[in-house]
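First the structure, in the form of structure tokens, and then the observations on it.
The values are calculated or read from the model by the stated rules, or taken from the named source; none is laboratory data. Values in this document were obtained by computation on a predicted structure and should not be read as measured data. Here the Cβ is made from the backbone with ideal geometry for all residues, glycine too, and neighbour counts use every protein chain on show.
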Amino acid sequence: MISVVFAYGSLQIPAVMHAVTRRYLASRPARLEGYARYRLKRRSYPGLRRRSGAATEGMLYCGVDGLALTRLDRFEDNFYRRQTLRVVIAPDRVVPAQVYVIPPRYYRLLQPGRWSLRQFQSTALKAYLRRCRRMVTIADRQADAS
């Protein structure tokens, strides 16, 4: 199964997406309407929730194979839910994509204020990439052992 994934947080950065999926994926800018990005409590990455009138910019990754999608599912915290949503890639072009969102029961984890990709890159990216690589390596070993 080949999927399309919309990334709106740390996974917008190709190096992070590669560290998690172990794939180099084609990407393009995209926008998700009706959803807003928020900071998460005690985390350096954001969460996304439905909000009328909002729009969130991000990256659309194409050609995400089954193993890469499995790695993304394992990588995302248990409070995210993957959903198929419609993402805008041009003024009159919308495509379905897999998106990790925060369901209402976890809205308490969201903080007011905007999450900044630029700030994430300057303050947290280096350590975050190391952690991502370690997590994926451990998860792959566990999957191979079972």
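Tell me, which residue of segment 1-59 that is surrounded by fewer than 16 Cβ atoms within 10 Å (Cβ to Cβ) and aliphatic (A, V, I, L, M) is farthest from residue 83 (Cα to Cα)?
My answer is 15.
Would you call residue 50 more than 20 Å from residue 20 (Cα to Cα), part of a loop (DSSP other than H, G, I, E, B) and either touching a helix residue (DSSP H, G or I) at 6+ places or on another chain (Cβ under 9 Å) or free of Cβ contacts under 8 Å to residues at least 12 places away in the same chain (or both)?
no
Taking only pairs six or more apart or across chains, which ones have beta-carbon atoms under 6 Å, a first residue in segment 123-142 that is surrounded by 15 or more Cβ atoms within 10 Å (Cβ to Cβ), and a second residue that is of a type in the set (Lys, Arg) and at pLDDT below 75?
From segment 123-142, no pairs qualify.
Restricting attention to segment 90-109, report how many residues are buried (at least 17 other Cβ atoms within 10 Å of the Cβ) and either under 26 Å from residue 15 (Cβ atoms) or within 12 Å of the chain's Cα centre (by Cα) (or both). Outline the logic, then answer.
Applying the first criterion (buried (at least 17 other Cβ atoms within 10 Å of the Cβ)) to segment 90-109 yields 97-102, 106, 109.
Now drop any that are not either under 26 Å from residue 15 (Cβ atoms) or within 12 Å of the chain's Cα centre (by Cα) (or both), which leaves 97-102, 109.
Of the residues in segment 90-109, 7 are buried (at least 17 other Cβ atoms within 10 Å of the Cβ) and either under 26 Å from residue 15 (Cβ atoms) or within 12 Å of the chain's Cα centre (by Cα) (or both).
Limited to segment 47-81, what total is found for residues that are in contact with a strand residue (DSSP E or B) (Cβ under 6 Å, 6 or more places away or on another chain) and of a type in the set (Asp, Glu)?
So the answer is 2.
I'd like the full set of residues that are in a loop (DSSP other than H, G, I, E, B) and at pLDDT 95 or above, limited to segment 80-114. It would help to see each step written out before you state the result.
Filtering segment 80-114 down to residues in a loop (DSSP other than H, G, I, E, B) leaves 80, 91-92, 102-103, 112-114.
80, 102, 103, listed by residue number.
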